[in-house]
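These notes are about the structure you will find just below.
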Amino acid sequence: MSRPGALVLAALCALGCASVDDEGTWLLPEHEPPGVQTQDPVEEATLAVLGSGTLVRLGRWKGGVLNLDHVLTSVHETYPLLSAVRQELMIAEAEQFKALGAFDLRLKANGLWGATGFYENHSAQAVLEQQTGVYGLKVFGGYRLGTGNFDPTFDGKRVTNHGGEFSAGVSLPLLQDGAIDDARRDLWGSAYERQIAGNTFAMRRLRFEQEAAVAYWRWVAAGRRLEVVKGLLGLADARQEGTLARVRRGALPPIEGVDHRRLVVKRQSLVIKVRREVEKTAIALSLFLRDARGVPSRPQPASLPGDFPLPPAPNLEGLATDLLRALELRPDLQQYARLRERAELDLRYANNRLLPQLDVFVAGSQDRDRRRPSVTKGEFELTAGLEFSFPFQNRKARGQVAAARAKLDALLDKERFVRDKVEAEVRDSLSALQAAYEQASQARQVADLSAQVAEAERRRFELGASDVFRLNLREEAVAEARLGVIDALLHYWSAAATYRAAVGVARAGAVPTS
């Protein structure tokens, strides 16, 4: 192969360095974490403390009974605040793509026309430059043409043979900018920033799922309370006519009829109050439950499930397993790991700035068209050289190193605290879950005992051994006990959602089985 052909090939190699896909994976650090998943892995339905259950994907709600998974699906697909965080992730990905611009193949061209004067000449030049990202290596190849009359004293460099001049070369930093330079620091930093944005997305998703689950259970609890107070009013309404008949017969004093009427009005007022609570919780839930266009969908009482699911007993022996999962899954811990690696990258860059700048370059050129050689141009030319630069005090680099090291130490301290905080949150949420489970068990016993007492009092009333006042007290005690069961179940399932978020497990739509 001729020398000019070799030079052309070198220029094409420079062009080939840019023929990498837009993702730029050849330039990203090997230890770059995998991309953030926006879909839930299958194992997310499993927790050692809560047990494992089948997580059924119900998709978007289209009417009928509203399940928690319907709400969580809506959160994932149309919740505006989560969509806003997803846009921040896309911004970070765009910033990483922008950082790849430092490695774009660059074309430089210029032309000069000496149109008038003693020396009339024309010259043009085009150069392709490629930053390879391999130890700061830069390659270039170009073509230059100069024709006309040139002043040999000052413009000899501009003249070429009739066919022009091909050139190619490389530039390699031996110390500073070798292991890392501005372009690679920005690119690797943007990769970590993308991961940090992904961790932020995962954190917000956990929080929004927890808030949505709590809003759902509050709506379910309000619906159950409405059933209880309606049942209490129904008892009073059913007994109203009988009580008035006994007053007319003289079996009861007139004040008993007035008191019973007062009781009916009181219970009617309680129904109105709880019905307002159902509407309020439905409106709050509609912020998470949206249609395909993102418009809030307020669920109606007919969509309420029949009852709370039975709460499984927490497996306290599974705490150690879930603690390990929390340290592995919690996005805030993963975010601090990315922040730490980002700070380590800055420290590497700062340490590299301490080194002198020592660059070596090699360039070759060859004119074409030997039939009409220029008097100033000979055979193949090869040039090599070194460039050295170093500030004696080097205070800028030393300051960068000190700042980067302090930032890294601060992040290590914060990461250690977050690990302790994660463990504390898991333990505290498990304590709340266990307490709610025990309270639910006790509340059910109280409700059963209150129902037995009320039934006995009702029989005594039918036999004339009791009065309306005592019977009403027993019925209200039963209703209060049933409301206590509802509150305890609300606390349990809210605590279960909080525990899932504390461990870092998303998609709390499954009802686990012990």
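For Glu457, neighbours were defined as the other residues whose beta-carbon sits under 12 Å from its Cβ, and their charges (Lys and Arg +1, Asp and Glu -1) total 0.
Calculated FRET efficiency, Ala320 and Asn149, Cβ-Cβ r, R0 60 Å, to nearest 0.05? Working from the Cβ atoms, E equals 0.10. Inter-label distance, Asp307 to Glu227: 0.7 nm, where each label sits 7 Å from its Cα along the C-beta direction.
Summarised in one figure, the compactness ratio Rg/Rh of the range 218-288, Cα atoms and Kirkwood Rh, is 1.21. Heavy atoms of the protein chains alone define the surface here; on that basis the range 294-402 has 60 Å² accessible area per residue at 1.4 Å probe size. Computed extension length for Phe97-Leu174: 24.9 nm, one decimal, from 0.36 nm per residue of separation with the Cα-Cα distance subtracted. Between Glu279 and Phe380, full extension at 0.36 nm per residue minus the direct alpha carbon distance yields a gain of 27.6 nm.
Please report, as a whole percent, how much of the solvent-accessible surface of the range 302-410 comes from carbon and sulfur atoms (probe radius 1.4 Å). Carbon with sulfur: 56 percent of the solvent-accessible area. A simple rule links phi to the HN-Hα coupling: the Karplus curve 6.51 cos²θ - 1.76 cosθ + 1.60 with θ = phi - 60°, which for the range 420-435 gives 5, 5, 4, 4, 5, 5, 5, 5, 5, 5, 5, 4, 5, 5, 5, 5 Hz, with x for Gly and Pro. For the range 453-471, backbone nitrogen atoms closer than 11 Å to the point 7 Å from Ile255 Cα along Cα-to-C-beta are found at no residue.
According to the Cα-based calculation, Rg over Rh for the range 259-326 is 1.23, with Rh computed by the Kirkwood formula.
Each label was represented as a point 7 Å from its Cα along the Cα-to-Cβ direction; for Gln445 and Gln87 these points are 5.4 nm apart.
Looking at the range 442-475, none of the GluC sites (Glu not before Pro) sits in a DSSP loop with at most 13 other Cβ atoms within 10 Å of its own Cβ.
When the solvent-accessible area of the range 169-296 is split by element, carbon and sulfur atoms take up 58 percent of it, the probe being 1.4 Å.
Here the range 62-124 was treated as a single set of alpha-carbon atoms; its pair distances binned every 10 Å from 0 give 15, 18, 15, 13, 12, 9, 8, 6, 3, 0 percent.
The values are calculated or read from the model by the stated rules, or taken from the named source; none is laboratory data. The structure displayed is predicted, hence computed values, not measured ones. Please note: Cβ atoms are built from the backbone with ideal geometry, for glycine as well, and neighbour counts cover all protein chains shown. With ligands, DNA and RNA removed, areas are computed over all heavy atoms of the protein, side chains included. Shrake-Rupley method; radii C 1.70, N 1.55, O 1.52, S 1.80 Å.
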